[in-house]
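Inspection log for the structure reproduced underneath, given as structure tokens.
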């Protein structure tokens with residue numbers, strides 16, 4: 001497409017003020033005028049959803065009930081008891097074991113150890129004896 005000096009595209013210019021408006025005194029009337037003519041944005045967007053997720057030390061999202069408990073402890077200035085801390089640490093350790101566990105094995109990894117023993121013994125089965133030699 002060649003742009004020559006003879007061919008000019010006419011761009012429609014929008015007129016913001018067709019006539020002068022008496023705003024009177026005060027900032028409020030000026031802001032109302034700008035809102036009606038689209039000069040000021042309220043900053044309120046109804047489509048946006050804000051979702052705050054709290055994260056623990058390991059980077060996992062915390063459940064809403066645990067978030068509430070943490071908020072209450074901070075507000076009242078009391079920390080959870082020693083037994084509750086032990087219980088939560090135990091539950092976290094179990095969750096970590098569940099994540100590390102494969103679906104084909106037990107939590108302690110017994111199937112993998114049995115396979116290793118069969119390879120070491122060069123047998124297609126595993127000898128389980130109750131008596132010691």
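The values are calculated or read from the model by the stated rules, or taken from the named source; none is laboratory data. Small disclaimer: the values here were computed from a predicted structure and weren't measured. Here the Cβ positions follow ideal geometry from the backbone for every residue, glycine too, while neighbour counts run over all protein chains shown.
Consider residue 51 carefully, then state whether it is assigned to a loop (DSSP other than H, G, I, E, B), over 30 Å from residue 23 (Cα atoms) and either at pLDDT 75 or above or within 29 Å of the chain's Cα centre (by Cα) (or both). So residue 51 fits the description; yes.
Examine segment 104-116 for a residue that is loosely packed, with under 10 Cβ neighbours inside 10 Å, farther than 22 Å from residue 58 by Cβ and either at pLDDT 90 or above or out of contact with any helix residue (DSSP H, G or I) (no Cβ under 9 Å at 6 or more places or on another chain) (or both), and state whether such a residue exists. No, the conditions are met nowhere in segment 104-116.
Yes or no, residue by residue, for (1) in contact with a strand residue (DSSP E or B) (Cβ under 7 Å, 6 or more places away or on another chain); (2) surrounded by 10 or more Cβ atoms within 10 Å (Cβ to Cβ); (3) within 23 Å of residue 107 (Cα to Cα):
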site: 57; (1), (2), (3): no, no, no
site: 60; (1), (2), (3): no, yes, yes
site: 67; (1), (2), (3): no, yes, no
site: 71; (1), (2), (3): no, yes, no
site: 74; (1), (2), (3): no, yes, no
site: 78; (1), (2), (3): no, no, no
site: 82; (1), (2), (3): no, no, no
site: 88; (1), (2), (3): no, yes, yes
